[in-house]
Amino acid sequence: MKVRKICFVVSSPLTVHAFLRHHIVELAKHYSVSLVANMEGQKVDLTDLPLEEIIHVNIFRNINIQQDLLAVHQLTQILKDRNFDAVHSVTPKAGLIGMIAAKRAGIKNRIHIFTGQVWATKKGIFRKILIEIDKVIARTATQILVDGKSQRSFLIEHKIVSSNNSQVLGQGSISGVNESRFSPSQEVRDSVRNALNYSGDDVVFGFLGRLNTDKGIKELALAFGQLVKMHANVKLLLIGYDEGNMVEAIRDIIDQKELVLFYGPTNIPEEILQAADVFCLPSHREGFGTSVLEASLLGLPVICSDAYGLKETIIDGVTGLRHKVKDVNELYLAMLTLYKNDGQRRSMGLAGREYVLNNFRGAQITEEWLRFYADLFIN
């Protein structure tokens, strides 16, 4: 019997490392799985994955017509030569290059998964260009996946996809979360808090992600700045890359600079995040808040914005508190509420872990991917 061949197309192998690793491991038990990515200068180790082939194509995140046309031509020839049964793209530029090339190569099953819209917070001509790119992806794909129900509604509202040609697998999330990795431990918490010089009385508000304007970092700093005026035992822990010179911006906002720790990026977020008492994600836009799920699995209550992609990640008033996008006062009041109420922090953290375990375990999402491909290849 013929073994079906699947090709994933991504701009960076980091996408595979972060979101597709477990899916590929399980899919490779049934299909031949290959990967197309821009491997130039990458240090991501994918040698442990059961990939038939890793193929380098210069797919860049930034728009460059000459480079993009060359990538489409190169990828079209690769797909024709290898005669894949399905091509599955992830991230916008990989979707544009991958779906156009797959259609030109005559690939029957062309799948793209939408994981967030950069244009949601943009204005003017750049926003229009990015919307048109998403529309081209949707028109050239034969199957459209979206990693969240609220995101799908957003895309339908903006006429990128329709209710008939798109779907969400399971309850959402591109990869789910690993409950064995993100497991609360008092021993780990005590160790990390000691290492970071947090006392038992400190109430720590944590953030995990890219430090930039779209993540609401300035609003978080402003709200925290209000909190420290009245309460001395609060701390702010920021974990992730500083992409927008946010460190300097935050230092300009918060006078008590010793209360803010810029931890930087980490390979062990499941440990460092346990130093926090509350997780904050005041994002302006979000495809699907995986970091919220990870924090909830660690038993942390969550404060997040009402950005469309975060609507499924918490139950407002049960697993966390929601505030309006960019509303510093609402964010401050949510932080003040959870600062004052240790019992509420604990009950929300417990409810959040249960919510994620019931809906977003990584194994559950992988099963949905396996079911999707099994159904796809029957037809």
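Determine the pairs where a residue that is closer than 16 Å to R21 by Cα, located within region 350-379, has a partner that is aliphatic (A, V, I, L, M) and open to solvent by 30 Å² or more (accessible area, probe 1.4 Å) with Cβ atoms under 9 Å apart, the partner being 6 or more residues away or on another chain.
Final answer for the pair search is T366/V25.
Among the listed residues S291, S296, S305, identify the single one that is buried (at least 23 other Cβ atoms within 10 Å of the Cβ) and touching a helix residue (DSSP H, G or I) at 6+ places or on another chain (Cβ under 6 Å). Steps first, answer last, please.
Details: S291 fails: touching a helix residue (DSSP H, G or I) at 6+ places or on another chain (Cβ under 6 Å); S305 fails: touching a helix residue (DSSP H, G or I) at 6+ places or on another chain (Cβ under 6 Å).
Only one candidate qualifies: S296.
Test T337 against the criterion of being among the polar types (S, T, N, Q), closer than 23 Å to V228 by Cα and surrounded by fewer than 24 Cβ atoms within 10 Å (Cβ to Cβ), and give yes or no. I'd like the intermediate steps shown before the answer.
Values: among the polar types (S, T, N, Q): yes; closer than 23 Å to V228 by Cα: yes; surrounded by fewer than 24 Cβ atoms within 10 Å (Cβ to Cβ): yes.
When the stated conditions are applied, T337 passes them.
Exactly one of these conditions fails for R61: (1) within 26 Å of the chain's Cα centre (by Cα); (2) open to solvent by 30 Å² or more (accessible area, probe 1.4 Å); (3) at pLDDT 95 or above; (4) not hydrophobic (A, V, I, L, M, F, W, C). Give me its number.
(3)
When you go through L49, L75 one by one, which is the residue that is closer than 27 Å to F372 by Cβ, part of a loop (DSSP other than H, G, I, E, B) and not basic (K, R)?
One residue alone meets the criteria, L49.
Between residues in region 37-54 that are more than 22 Å from A71 (Cβ to Cβ) and residues that are surrounded by 10 or more Cβ atoms within 10 Å (Cβ to Cβ) and modelled with pLDDT of 90 or more, which pairs lie under 6 Å by C-beta distance while being six or more apart or on different chains?
Once the first residue is more than 22 Å from A71 (Cβ to Cβ) and sits in region 37-54, its partners that are surrounded by 10 or more Cβ atoms within 10 Å (Cβ to Cβ) and modelled with pLDDT of 90 or more give L49/I24; P50/A28.
Taking only region 221-273 into account, find how many residues are modelled with pLDDT under 95, under 21 Å from the mean Cα position of the chain (by Cα) and closer than 22 Å to D327 by Cβ.
Qualifying residue count, region 221-273: 2.
So I268 ticks every box in (1) of a type in the set (A, V, I, L, M); (2) surrounded by fewer than 23 Cβ atoms within 10 Å (Cβ to Cβ); (3) touching a Lys or Arg at 6+ places or on another chain (Cβ under 7 Å) but one. Which box is left unticked?
Just one mismatch for I268, condition (3).
Mind counting the residues in region 17-46 that are outside any loop (DSSP other than H, G, I, E, B) and either of a type in the set (S, T, N, Q) or under 15 Å from T366 (Cβ atoms) (or both)?
13
Of the numbered conditions (1) in contact with a strand residue (DSSP E or B) (Cβ under 6 Å, 6 or more places away or on another chain); (2) touching a residue at least 60 places away in the same chain (Cβ under 8 Å); (3) of a type in the set (D, E, K, R), R110 fails exactly one; give the number of that condition.
The number of the failed condition is (2).
Name the residues in region 86-113 that are aliphatic (A, V, I, L, M), open to solvent by 20 Å² or more (accessible area, probe 1.4 Å) and over 21 Å from N58 (Cβ atoms), would you?
none
Restricting attention to region 114-124, does a residue exist that is open to solvent by less than 40 Å² (accessible area, probe 1.4 Å), in a loop (DSSP other than H, G, I, E, B) and either in contact with a strand residue (DSSP E or B) (Cβ under 6 Å, 6 or more places away or on another chain) or not hydrophobic (A, V, I, L, M, F, W, C) (or both)?
Looking through region 114-124, at least one residue is open to solvent by less than 40 Å² (accessible area, probe 1.4 Å), in a loop (DSSP other than H, G, I, E, B) and either in contact with a strand residue (DSSP E or B) (Cβ under 6 Å, 6 or more places away or on another chain) or not hydrophobic (A, V, I, L, M, F, W, C) (or both).
The values are calculated or read from the model by the stated rules, or taken from the named source; none is laboratory data. What you are looking at is a predicted structure, and each value in this text was computed from that prediction instead of being measured. Methodologically, a virtual Cβ is constructed for each residue, glycine included, from the backbone with ideal geometry; neighbour enumeration extends over all protein chains shown. Only protein heavy atoms, including side chains, enter the accessible area calculation; ligands, DNA and RNA are left aside. Shrake-Rupley method; radii C 1.70, N 1.55, O 1.52, S 1.80 Å.
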